[in-house]
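The structure appears below as structure tokens.
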Amino acid sequence: MEAVRTFLDSQPLFALFLTIALGYLIGEINIKGVALGSGAVLFVGLAVGAFAPKSTPPALLGTLGLLLFLYGIGIQYGAQFFRGLTSREGAKANAAACFGVIASGLVACGLIRFGITLADALGMFAGSGTSTASLQVAIASMKSNDAAVAYSVAYPFGVAGPILFIYALSVALKVKIAKPPAKLMKTAEIALRNASLFGLRLAELSTRLPAGVAIAAVRRAHHNQLPSEDFTLRADDVLLATATERRLLDEATALCGELQPGRMASHREDLDYMRVFASNPAVVGIALGNLRFPDGVNCSIAHVRRGDADLLSTPDLILEAGDRVGLLVNRAHQATVRAFFGDSIKTTADLSFICLGIGAAAGLLVGAIPLRLPGLSAFSLGLAGLLLVALCLGKARRSGPFVWVMPLSANLVLRNLGLTIFLAQVGIACGPKFIATVGSAGPLLLLYGAITLLVLVGVTAACCLWLFRLPFDTSVGVICGATGNPAILAFANRIAPTEQPDVMYAMIFPSMTIVKVLFVQIAISIAAG
């Protein structure tokens, strides 16, 4: 064993990646729906650090990992974040989460009177909310790793506690939410029979169709063609209607005429369907209505598939790298259209390191600006400034030639790797002190961590359900965003299988990360003052 310890002490990078491998292996263990996931890396790191105290990788490596994680979050969720700040439901959701987070932080700091330090209180606050960003601020501001010990003690409550709370809440309220059908694009070929629609321009017909229905093509005089807005409808025109719900197509059919399947699909000499990947930087970040196809090419975008969902083609829909675009185009122009969109699955996993470098540098610069609040000493946002800049860039998507957004696959790899490296580095660094602290004050920290977590989820749930009267699926999404761990969101999606938990998580997680970071920074400033 001494030889193993000596080897680990001399090979910190080996210790880091061994910690990552073992951590994810243990994190996959699932006990009745509860799994630590990437959080297990922290606990393995603590064990490795306790066993080999000199195996700690450089602290800068952990900071770099957290930078990548926060930048990826901001870039992906920027649009949802700002939408949440301006919508009425989003304002209520953010307010409910903010009440819960602040109440949790105040309770954690109030426990200092019962024999714990400020570092323990803030680490417990960060751990119960699984906020690695808050932990990083506490470590950097207090210039010690003391907060990480309490963080690691409270972290299991931060993962398992909200899952148990959401399950108990659903049982108590007897909530049963059916899983909605997948949003897959459906089509209908409708022969125009309604005489009141004859002579209308297609733009006028679009205002009468149910919301969510689009006309992708028209067949007239034995030819399929792409309609323009001033296209004038005639009797027996066949309309190719698209929608994500069959109900909407039924309503459109009842309005326009009758179904005549096959009249367009069986004739592809004029128009054929093709699907391409959006990978060309010239189209990524551009709204469909602003796309300018090459001269002589006339095609229609029928739908866009993003991830596992089909999106209706609308002028304001912005293309993202990796989107699969379904088009109707003449076969002679298919090669030109492929080149226009890029159609490279390899490119959809690439990212611009120029944009990453500019965005991260700008975020670090903003985070370094000293700020002052009345009655407090100067403080800076640190990596929360990076998150704010990333959110702004994620909303902007692109600025001229600079495409700030990155493909979803690349984003996931970047931020998950960053988070994993941070947890492993911090765990190894805190290992020796963790053993000593748990032996003397562990049970007390566990109790205080449970109290802090219950305040966080309890206040958030009460505000969502009874103060603001938000729907249950929206409320559990807010709880997930306030607590932050993706494992909680995965469980919430099984309890409430709608899109609302994901949407609310995207809205709440970035804003509550900032609130948690600011709370930690202000608490330290007050204590120092």
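Ranked by the mean number of other Cβ atoms within 10 Å of their residues, highest first, the peptides 276-286, 335-345 come out as 276-286, 335-345. Across the stretch 96-109, computed HN-Hα scalar couplings (Karplus, 6.51 cos²θ - 1.76 cosθ + 1.60, θ = phi - 60°) run 4, 5, 5, 4, x, 5, 5, 4, 4, x, 5, 5, 4, 5 Hz from first to last residue, x flagging Gly and Pro. This ranking places Ser152, Ser144, Ser300 by how few other beta-carbon atoms lie within 10 Å of each, fewest first, which gives Ser144, Ser300, Ser152. Averaging 1/r over each pair of different alpha-carbon atoms in the stretch 186-347 and inverting the result gives 16.2 Å, the Kirkwood hydrodynamic radius. Dipole orientation for the chain: of the candidates Ala339, Cys109, Leu386, Cys109 has the Cα lying most toward the positive pole (charges on Cβ; Lys, Arg +1; Asp, Glu -1). Charges were assigned to the Cβ only: +1 to each Lys and Arg, -1 to each Asp and Glu. The resulting dipole of the chain about its Cα centre is roughly 520 debye. This model, with +1 at the C-beta of Lys and Arg and -1 at the C-beta of Asp and Glu, gives the stretch 186-347 a dipole about its Cα centre of some 260 debye. Distance distribution P(r), the stretch 92-194, all Cα-Cα pairs, bin width 5 angstrom from 0: 2, 11, 14, 16, 14, 9, 7, 6, 5, 4, 3, 3, 2, 2, 1, 1, 0 percent. Here the peptides 503-511, 462-470 are ranked by packing, the mean other Cβ count within 10 Å, and the order with the highest first is 503-511, 462-470.
Taking other C-beta atoms within 10 angstrom as a stand-in for reagent exposure, Ser380, Ser475 fall in the order Ser380, Ser475, fewest first. For the stretch 447-489, evaluate the Debye formula with one uniform point scatterer on each Cα (no solvent term) and list log10 I(q)/I(0) at q = 0.35 Å⁻¹, rounded to two decimals. Calculated log10 I(q)/I(0) at the listed q: -1.14.
In debye, nearest 20: dipole of the stretch 33-160 around its Cα centre with unit charges on the Cβ of K, R (+) and D, E (-)? Charge dipole, the stretch 33-160, about its Cα centre: 180 debye, nearest 20.
Projected onto their three principal axes, the Cα atoms of the chain cover extents of 86, 49, 48 Å, largest first. In this structure, the residue pairs whose Cα-Cα separation is over 28 Å, taken from Lys54/Lys516; Lys54/Lys143; Lys174/Lys395, are Lys54/Lys516; Lys174/Lys395. A helix-only calculation puts the chain at -19000 deg cm²/dmol for mean residue ellipticity at 222 nm, using -39500 (n - 2.57) for each DSSP H run of at least four residues, averaged over all residues. Between the residues Val297, Thr232, Gly257, the greatest Cα displacement towards the positive end of the dipole of the stretch 186-347, with unit charges on the Cβ of Lys, Arg, Asp and Glu, is found for Val297. Among Ser141, Ser10, Ser409, a tally of other beta-carbon atoms within 10 Å of each Cβ gives an order, fewest to most, of Ser10, Ser409, Ser141.
Every read-out reported here was derived from the displayed coordinates using simple, explicitly stated rules and does not represent laboratory data. Just so it is clear, the model here is predicted, and its values are computed rather than measured. Cβ coordinates were reconstructed from backbone atoms using ideal geometry, including for glycine residues, and neighbour counts include every protein chain displayed.
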